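The values are calculated or read from the model by the stated rules, or taken from the named source; none is laboratory data. Model, not experiment: these values are computed from the prediction. Cβ placement follows ideal geometry from the backbone for every residue including glycine, while neighbour counts extend to all protein chains displayed. Surface accessibility is based on the protein's heavy atoms, side chains included, excluding ligands, DNA and RNA. Shrake-Rupley method; radii C 1.70, N 1.55, O 1.52, S 1.80 Å.
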Amino acid sequence: MYQTAETMQAAVLYAPGDIRVEQVPVPEPGPDEALVRVAACGVCGSDIARMLHPGVAYHFPIICGHEFSGHVVRLGDRLAAKGRVREGDLVTVPPLIPCHACEPCSQGHFSLCKNYGYFGSRRDGAYAQYVTVPDENLMVLPADLDPRAAAMLDPAAIALHALWRTRMRGGRRVAVVGAGPIGLFAVQWAKLAGASDVLVVELNEQKAAMAVEAGATRTATGAEAAVEVAGDGYDIVIESAGVPATVDQAVALTARHGEAVFIGIPHDPVVLPKATFSSFLRREVTLHGAWNSFSAPFPGEEWRVAARALASGELAWKFMITHELGLDALPETMAALGERSIFSSKVLFLPNEE
């Protein structure tokens with residue numbers, strides 16, 4: 001049996017902006033859980049809001065971080081008896097813990113669970129050296145997959161879930177608004193699904209260049225440029241930025257009988273101008289919400305397809321990584337991300353690397 005120290009390093013959130021990297025007890029796995037040694041944990045935009053702004057975190061203190069991978073180092077008794085997971089396995093962890101009791105869960109719509117748990121927000125997450133994970137949330141991956149890629153399965157699955165909300169098929173024109181990691185994965189999924197043209201709308205020129213690397217056929221760094229390129233509109237528009245202005249833009253870019261799907265989470269009121277709303281009505285546009293990435297059987301085909309695509313090389317991911325850091329750098333990095341004083345795409349923390 002793997003032996004761990006009694007304490008571990010973790011970034012603990014005590015209040016908005018009060019993040020302390022300190023020694024805490026290593027958690028003990030329950031009978032149906034595994035102790036996972038965290039290899040990599042990515043920063044999600046929701047982490048920035050949760051760790052810096054009031055009214056977002058559910059309770060304090062808490063260890064945030066939900067986009068992660070690691071290696072199993074200890075198994076609870078009942079989990080060990082099943083033989084499904086073994087010590088040493090590389091795992092990624094779908095962060096939602098469904099209740100399996102509500103109506104959406106009974107229908108297999110786990111993304112819509114009414115009483116879910118969630119790593120990094122409702123239970124301790126992976127900005128730490130170790131974390132305990134229930135059996136259902138242990139997704140075993142090929143041992144030769146890079147753990148950094150495994151930690152990026154969550155945004156990859158979220159982008160695929162959003163695309164599957166639409167009637168996507170080969171030959172469609174697709175626009176992606178926002179070129180963060182989810183948007184960059186959305187570009188790749190659209191191309192893999194046979195999109196004939198993929199426009200990325202992104203104000204930041206460095207991120208627009210990343211979109212080209214992801215496979216975008218064209219980019220626009222402003223609203224006027226996007227409208228000029230769009231012509232009669234795009235069949236499918238994926239909004240991943242979560243800003244009121246980009247929500248408006250996504251609706252306005254959608255073609256007649258087209259579809260716009262929204263992933264980004266705005267933190268300010270969203271108001272559609274009269275002209276945009278009139279266009280939405282007259283073009284008979286369909287608007288979709290996309291929440292999380294889970295379906296049946298849990299965690300869903302989104303996760304399994306994404307895992308295969310990362311393992312095969314169909315999905316590129318290394319080019320998105322702008323930072324690989326130890327936990328000591330987390331407080332100052334999170335503050336800089338909140339202030340937008342540094343350029344970043346995918347930020348990864350590697351809690352167990354020296």
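At what distance in angstrom do the alpha carbon centres of segment 253-270 and segment 16-46 lie from each other?
33
Work through the residues other than Ile158 whose Cβ is under 15 Å from its Cβ and net out their charges, Lys, Arg +1 and Asp, Glu -1. Provide the component values of the computation, followed by the final result.
Numbers: positive: Arg165, Arg304, Lys346; negative: Asp47, Glu67, Asp154, Glu239, Glu301, Glu302.
Local charge sum for Ile158: -3.
Mind checking which of Asp248, Asp77, Asp197 has the largest fluctuation in a GNM of the chain, springs on alpha carbons under 10 Å?
Checking each option, the largest mean-square fluctuation is seen for Asp77.
So if each residue of separation counts as 0.36 nm, and I subtract the Cα-Cα distance between Leu203 and Thr7, what length gain in nm does that give?
Working: separation 196, 0.36 × 196 = 70.56 nm, distance 4.39 nm.
Full-extension gain reported as 66.2 nm.
Which whole-number percent is the relative contact order of segment 189-309 (Cα, under 8 Å, 6+ apart)? Write out the running numbers ahead of the final one.
Details: 174 pairs, mean separation 20.5, N = 121.
Here the relative contact order equals 17 percent.
Only loop residues by DSSP count here, and only those with at most 11 other Cβ atoms within 10 Å; note down the trypsin sites (Lys or Arg not before Pro) in segment 153-212 that meet that. Intermediate results must be reported in sequence, preceding the final value.
Values: sites: Arg165, Arg167, Arg169, Arg172, Arg173, Lys191, Lys207; in loops: Arg165, Arg167, Arg169, Arg172.
Those that pass, being in a loop and sparsely packed, are Arg169.
Compute the relative contact order of segment 1-88 as a whole-number percentage, counting only Cα pairs closer than 8 Å that sit 6 or more residues apart in sequence. Intermediate values should be presented prior to the final figure.
Details: 148 pairs, mean separation 29.8, N = 88.
It comes to 34 percent, rounded to a whole number.
For the chain, what % of the accessible area comes from carbon and sulfur atoms, probe 1.4 Å? Write down the numbers at each step before the final one.
Values: 7770 of 15270 Å².
It is 51 percent, rounded to a whole number.
Which of the chymotrypsin sites (Phe, Trp or Tyr not before Pro) found in segment 7-99 are in a DSSP loop and have at most 15 neighbouring Cβ atoms, other than their own, within 10 Å?
Those satisfying the criteria are Tyr58.
Which cross-chain or sequence-distant (5 or more) residues have an amide H under 5 Å from the amide H of Val177, H modelled 1.01 Å from N in plane?
Amide H neighbours of Val177, under 5 Å, 5+ apart: Val201, Ile238, Glu239, Ser240.
Between Ile63, Ile321, Ile236, find the one with the highest GNM mean-square fluctuation for the chain; connect C-alpha pairs within less than 10 Å.
Most flexible of the set in this elastic network: Ile321.
How much area per residue is accessible in segment 26-94 when the probe is 1.4 Å and only protein heavy atoms are counted (Å²)? Walk me through the numbers on the way to the answer.
Numbers: 2700 Å² over 69 residues.
The answer is 39 Å² per residue.
What relative contact order, as a whole-number percentage, does the chain give when Cα pairs under 8 Å and 6 or more residues apart are counted? If you can, show how the numbers build up before the last one.
Working: 815 pairs, mean separation 63.7, N = 354.
Dividing the mean separation by the residue count of the chain yields 18 percent.
For the chain, compute the number of Lys pairs whose alpha carbons are separated by less than 30 Å, excluding pairs fewer than 8 positions apart on the same chain. Before the final figure, lay out each step's value.
Numbers: Lys82/Lys114; Lys114/Lys346; Lys191/Lys207; Lys191/Lys318; Lys191/Lys346; Lys207/Lys318; Lys207/Lys346; Lys318/Lys346.
For the chain, qualifying lysine pairs total 8.
What GluC sites (Glu not before Pro) does segment 235-321 have in DSSP loop regions with at most 14 other beta carbons within 10 Å? Show your work: numbers first, answer last.
Values: sites: Glu239, Glu259, Glu284, Glu301, Glu302, Glu314; in loops: Glu284, Glu314.
Here the sparse-neighbourhood loop sites are Glu284, Glu314.
Gaussian network model of the chain, Cα springs within a sub-10 Å range: biggest mean-square fluctuation belongs to which of Ala316, Ala208, Ala143?
So, out of Ala316, Ala208, Ala143, the one fluctuating most is Ala143.
Need one number: % antiparallel among DSSP beta bridges in the chain, to the nearest 5. Mind dumping the intermediate values first?
On the way: 33 of 59 bridges.
Given both bridge residues lie in the chain, the antiparallel proportion sits at roughly 55 percent.
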